[in-house]
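Following: one structure in structure tokens, then a few remarks.
The values are calculated or read from the model by the stated rules, or taken from the named source; none is laboratory data. These numbers come from a predicted model, not from an experiment. Ideal geometry is used to build each Cβ from the backbone, glycine not excepted, and the neighbour counts take in all protein chains shown.
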Amino acid sequence: MVPFGVLRASASSRTPTEMQKTTPPQPEKTRRIGVFGGTFDPPHIGHVLTGQRVAEARRLDLVLMVVANDPWQKSGSRYITPAALRLRMVEQACYWSRQPKTVLKSSSVEISSGGPSYTADTLRTLAEESEDATFEVIVGSDAAAQLDTWHDADWLAQNAQFVAVQRGGQEASPSPGFRVAGVDLPLLEVSSTEIRHRVASGLTIDHLCPSPVVACIEAYDLYRTSAQQQLDDGAPS
Ligand code: ATP
Ligand code: MG
């Protein structure tokens, strides 16, 4: 029988190389996950198409549609639909898009965290939750041009891989200093701002949003009242 004291002594006298051998192996990065964040007020076919096509182009296993809890760069300038309702619409958009393969999945990670939504925090949380994954942050060209205004921009510049897709309007270049890959997609000139305005004007939004999202907008009577519209400056952002 080996005395306890001897066992302890031999464990603490191991060389650094021997210690390394006993360190648990790091999980292999086998999954590629897209992180597509937004206010999604409401989600529309531009979001769905972007998520699906970027997944194909970048060989992503999954795209998380991350619903902002408090989109701090927008709140204050317009009325924002409660996060739980925006999440419900994104869940429906993802389910609607599931054929032939489920690629888009809604994520409530920022809603669970509460407070203002920062992509840097979200990436750190997701990396802890899924150690087997690498992440790419999907943005439209309008968002890509403003990465330097994002919270924790230095950390993002050092650590995050972005994928940018062109949106209509003026050609915009990504903020310098960030890792940004481009993906060419057919331009779908649709925005949530346009949808909110169309609803307020009594115009149809069929085909601009997945049908269950249209049904949700009708059921909750979203975007119709002047209270919901009065803060909206009308400029797509
Ligand atoms: P809003 O008009 O209220 O700003 P939005 O249509 O821009 O809404 P957001 O929720 O602000 O939608 O955008 C989330 C992300 O989706 C952003 O990175 C944005 O650039 C991107 N995005 C939105 N619409 C499109 C589109 N039609 N094509 C490509 N990317 C888009
Ligand atoms: Mg926008």
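Do we find that residue 219 is surrounded by 12 or more Cβ atoms within 10 Å (Cβ to Cβ), modelled with pLDDT of 95 or more and more than 16 Å from ligand 2 (Cβ to nearest atom) in this structure? So that I can check it myself, show each step before the final result.
Details: surrounded by 12 or more Cβ atoms within 10 Å (Cβ to Cβ): no; modelled with pLDDT of 95 or more: yes; more than 16 Å from ligand 2 (Cβ to nearest atom): yes.
No; evaluated as a whole, the condition is false for this residue.
Under the condition of being part of a helix (DSSP H, G or I) and away from ligand 1 (no atom under 16 Å from the Cβ), which residue from the range 146-159 is farthest from residue 28 (Cα to Cα)?
Step one: filter the range 146-159 for residues part of a helix (DSSP H, G or I), giving 147-149, 153-159.
Those still in the list that are away from ligand 1 (no atom under 16 Å from the Cβ) too: 154-155, 157-159.
Numbers: 154: 27, 155: 23, 157: 24, 158: 22, 159: 18 Å.
Here the residue is 154.
Could you tell me how many of the residues in the range 147-163 are under 17 Å from residue 32 (Cβ atoms) and either within 14 Å of ligand 2 (Cβ to nearest atom) or surrounded by fewer than 20 Cβ atoms within 10 Å (Cβ to Cβ) (or both)?
Within the range 147-163, the subset under 17 Å from residue 32 (Cβ atoms) is 159-163.
Cutting the leftovers down to either within 14 Å of ligand 2 (Cβ to nearest atom) or surrounded by fewer than 20 Cβ atoms within 10 Å (Cβ to Cβ) (or both) gives us 159, 161.
Counting residues in the range 147-163 that are under 17 Å from residue 32 (Cβ atoms) and either within 14 Å of ligand 2 (Cβ to nearest atom) or surrounded by fewer than 20 Cβ atoms within 10 Å (Cβ to Cβ) (or both) gives 2.
Does the range 190-211 hold any residues that are touching a residue at least 40 places away in the same chain (Cβ under 8 Å), of a type outside the set (Val, Ile, Thr) and either assigned to a strand (DSSP E or B) or more than 18 Å from residue 67 (Cβ to Cβ) (or both), and which are they?
Correct list: 194, 207, 208, 209, 211.
Look through 112, 173 and report the one residue that is surrounded by fewer than 21 Cβ atoms within 10 Å (Cβ to Cβ), of a type in the set (Gly, Ala, Ser), more than 16 Å from ligand 2 (Cβ to nearest atom) and closer than 21 Å to residue 68 by Cβ. If you could, list the steps in order and put the result at the bottom.
Values: 173 fails: closer than 21 Å to residue 68 by Cβ.
Checking each option against the conditions leaves just 112.
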